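Q: What follows is a single structure, and I will ask about it in a moment.
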Amino acid sequence: MATVNDNYLKLKAGYLFPEIARRVNAFAEANPDAKIIRLGIGDVTEPLPEACRTAMIDAVAEMGDRSTFKGYGPEQGYSWLREKIAARDFQALGCEVDASEIFISDGSKCDTGNILDIFGNDNTIAVTDPVYPVYVDTNVMAGHTGVANDKGEFEGLVYLPITAENNFTASLPTEKVDLIYLCFPNNPTGAVASKEHLKAWVDYALANNSIIFFDAAYEAFITDADIPHSIYEIEGARQCAIEFRSFSKTAGFTGTRCAFTVVPKNLTAKAADGSDVELWKLWNRRQSTKFNGVSYIVQRAAEAVYSPEGDAQVKALVNFYMENAKIIREKLTDAGLSVYGGVNAPYVWVKTPSGLSSWDFFDKLLHTVNVVGTPGSGFGAAGEGYFRISAFNSRENVEEAMRRIVDKFKV
Ligand SMILES: *Cc1c(COP(=O)(O)O)cnc(C)c1O
């Protein structure tokens, strides 16, 4: 008799985005003339940079010629890409990261989930609340939690609230935790971590033999010069942190797929017999067995991000979204709302007015101004009373949505 992984049955079957779609569709059906603007998505909208497209076209031509055709590539990624990443994204910032410690993949979503393969099942796991749902759901699937309560909190996870009261930077856990997920710049709150804040986490992890999973998918959106882009800018991080990066939001690769994970060579965790095991070796073994590398064509596209043209085009793309974020921040402030984030991240986190719940504010915006955002409570219990507005959209849509909100809400 075949059985299933019962842990999947504990999941809150993708409640957030289907519920948004359900409410938007019902409204659109009842109001066929309404021009709905969707600022709820966490997906890029602007085209792939030209340098990346040109690199892909050239790579396709190579694939069409017997003498330059490529079959399987290295599971870890091509060294020409890993070398550029190590030099430009890390060594240029003074971080000691070697090309051999970079593993190219088809996405950070996959990597942040797959990383659990190399860790034991008895680790105590901490996540922030609100949080990128992938961290929680992959732990549920792996059987690391009990069931969820009414608020959607899973038994066995340590939730660290991030709210306006603590400036959206989680306080260190009062108990001992083994694995910690941190995402800065943060999705969904748009908050960033200062060097001092990250240093406190690194010191905690070193003192407790914990491992930090640092998701830096949005590092390209950092505009303040003193905010760290990598956790390896913090002394001691090589002894306690794995970093995840992605070309998805930086270079518009959400549909092209390329990311990478950094596992320092000297980073270890304990085996059952008490010995120290190098995580690099386990991740290399995991990737070599379960992954066969990213397409040559896509790795060439990612490499083009580091060319002078690619670099300029990516910066222009990031600036475009950040200008959207600025417009959103300013207009929502004009409308009398309290806004957070949106300065070093493409997300603006809004406090719902007059104590409305996240979903009530969602309905209000949808019904009165036909604008769709994401209810903060969908990212965790502590997100209740907040709302996420994404800067990933056309300028026209952002300006029109903000005009409607200011007209309606300005006091
Ligand atoms: C978008 C996003 C990623 C990137 O995921 P990919 O699989 O690389 O597209 C990673 N982490 C967070 C928090 C994100 O929002």
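The values are calculated or read from the model by the stated rules, or taken from the named source; none is laboratory data. In this text, all values refer to a predicted model and were calculated from it rather than measured experimentally. We place every Cβ from the backbone using ideal geometry, glycine too, and count neighbours over all the protein chains shown.
Q: Take the residues of segment 178-200 that are buried (at least 21 other Cβ atoms within 10 Å of the Cβ) and farther than 21 Å from residue 343 by Cβ: which is farthest from the ligand (Cβ to nearest atom)?
A: 179
Q: Would you check which residues across segment 76-117 are buried (at least 19 other Cβ atoms within 10 Å of the Cβ) and of a type in the set (A, V, I, L, M, F, W, C) and list them?
A: Selection gives 81, 85, 86, 90, 95, 97, 102, 103, 104, 115, 116.
Q: Just to be sure I understand, how many residues within segment 234-248 are within 16 Å of the ligand (Cβ to nearest atom) and out of contact with any Leu (no Cβ under 9 Å at 6 or more places or on another chain)? It would help to see each step written out before you state the result.
A: Filtering segment 234-248 down to residues within 16 Å of the ligand (Cβ to nearest atom) leaves 241-248.
In the following step, the residues that additionally are out of contact with any Leu (no Cβ under 9 Å at 6 or more places or on another chain) were identified as 243-248.
Qualifying residue count for the region: 6.
Q: With respect to residue 268, determine if the residue is surrounded by 22 or more Cβ atoms within 10 Å (Cβ to Cβ) and either polar (S, T, N, Q) or not assigned by TED's automatic domain parsing to the domain that holds residue 215 (or both). Break it down into steps so the answer makes sense when it comes.
A: Values: surrounded by 22 or more Cβ atoms within 10 Å (Cβ to Cβ): no; either polar (S, T, N, Q) or not assigned by TED's automatic domain parsing to the domain that holds residue 215 (or both): yes.
Criteria not met by residue 268.
Q: Then there's this: Restricting to segment 249-278, name every residue that is within 16 Å of the ligand (Cβ to nearest atom) and not in a loop (DSSP other than H, G, I, E, B).
A: Once the filter is applied, which keeps residues that are within 16 Å of the ligand (Cβ to nearest atom) and not in a loop (DSSP other than H, G, I, E, B), segment 249-278 yields 249, 250, 259, 260, 261, 262.
Q: Now a separate question. So if I check each of 145, 124, which one is crowded, with 16+ Cβ neighbours inside 10 Å, more than 12 Å from the ligand (Cβ to nearest atom) and free of Cβ contacts under 8 Å to residues at least 60 places away in the same chain?
A: Exactly one of 145, 124 is crowded, with 16+ Cβ neighbours inside 10 Å, more than 12 Å from the ligand (Cβ to nearest atom) and free of Cβ contacts under 8 Å to residues at least 60 places away in the same chain, namely 124.
Q: Determine, yes or no, whether residue 399 is acidic (Asp, Glu), modelled with pLDDT of 95 or more, in contact with a helix residue (DSSP H, G or I) (Cβ under 7 Å, 6 or more places away or on another chain) and over 29 Å from residue 252 (Cα atoms).
A: no
Q: Quick one: which residue in 222, 211, 231 is in contact with a strand residue (DSSP E or B) (Cβ under 9 Å, 6 or more places away or on another chain) and within 15 Å of the ligand (Cβ to nearest atom)?
A: Checking each option against the conditions leaves just 231.
Q: Give the number of residues within segment 147-186 that are farther than 17 Å from residue 215 by Cβ and part of a loop (DSSP other than H, G, I, E, B).
A: Total meeting the criteria: 17.
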